[in-house]
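Asks: Please find one structure pasted underneath; my questions will follow.
Laboratory data are not the source of any read-out in this text; all were calculated from the coordinates shown. If you're wondering where the values come from, they're calculated on a predicted model, not measured in any experiment. Cβ coordinates were reconstructed from backbone atoms using ideal geometry, including for glycine residues, and neighbour counts include every protein chain displayed.
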Amino acid sequence: MMGSLQQQGYALRQALVRLARAPVAHLFTVLVISLSLAVPLVLYRLVSDLGALARAQAGPPQLTVFLRMDASEALITSTRTALQARPDLEAVRYVSPDAALQDIRRSTRMEDVLAGLDGNPLPGAFVVRPRQGEPEGLVTLQKALRALPGVDLVQFDAEWARRLYALGQLSERGVLMLGGVLVAGLLSVVVNTLRLQILAAREEIEVCKLMGASNAFVRRPFVYFGVLQVLLGSLLAMGLAELARWSINQASTDWLAPLGVHLQLQAPDALEWASLLGWAVMMGWLASAATVAAFLRQLRST
C-alpha cells in the first residue's frame, strides 16, 4: 500500500516538473482547453435561458374551448367537471357570453356595431391551460377536447407553438454540436501535447524499460500530466464562464431592462460544476492513457 502511494506521488511530482519546464507553452494549452469548455457552457446556458424568457414573454399556451350556442347550464357544468378532471390541464376558466362581450367592448372601439346587434352572438367558452407545452401534445389535447359533448370548436395556434418549440430545440442542438466539435478539439490538444512530451522523453522511457520498469510505471507520469492540464483548463473554464455570465447579466441590466426585458443567466449549481470537472478529468485521463498505451505498443513492436 505504501509503495503504491509512493509511486503515485512520484508520478505526480514528475508531471508537475514537466509542467514547470515550459510554463508559457503549457499555459497556452490550458487556455485552449478552458475556451473549449467555457464557450459551449456559456452558449448552452444563454440559449436555455433565452428560450425560457421567450416562453415567458409569449405566455403559457392556452386553448379556448367554445361551446354550442344552445349549451344549457347542465351541459356547461358537466363540461367544466370533465375539463377539471383531466390530469393534463393545469387551469380551467369559464368565460360566459356576457363577459366575453364586455371584454370586446373594453378592448375595441366598436360600440356602434355592438349596439346594433339584436342579441349576444358569442357562445360560452372555457379557457384552459395545459401542463405541457410540446406542440404534438397540444395538438393531441386539442383533438381530445373537441370530442367532448357540447363542444363546437377548440381554438389553438398550433403552428406558432410548433415554431417556437422547434426553434428552441434547434438552438440547443446547435450548441451541443458546437460543444462536440470543441471537445474534439480539446482532446486533440491533449493528445498532441502529450505526444510531444512522450517523444521528448523517448530515450528516458527506453532506459526505464531496459531497467525493467513496468508499463504502468512509465505511463503514470504522462497520464497525470494530461489530467493536470485538463483539470487546470476546467478550473479556468469555470472562471471564464462566470465572468461571461456576469458580463451578459450586466449588459442585460443596462440595455434590456429599460425595455421591460429581464434576462439574467443562472449560475450552474455545485452538482453541475462537479459534473463538468468529473467529465473533463475522465476524458483527459482516457485520452492520456490511450496515447501513452499506443506509444508503448509502438515501442514494443520496434
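Asks: Please rank Ser234, Ser288, Ser72, fewest neighbouring Cβ atoms within 10 Å first, as an exposure proxy. Mind dumping the intermediate values first?
Replies: Values: Ser234 24, Ser288 27, Ser72 11.
With the sparsest Cβ surroundings first, the list reads Ser72, Ser234, Ser288.
Asks: In terms of modelled amide H atoms, which long-range or inter-chain residues lie less than 5 Å from the amide H of Ala91?
Replies: Hits under the 5 Å cutoff: Arg129.
Asks: From the Cα gyration tensor of segment 211-285, with a ≥ b ≥ c the square roots of its eigenvalues, which class applies: rounded if a/c is under 1.5, or else prolate if a/b is larger than b/c, or else oblate?
Replies: prolate
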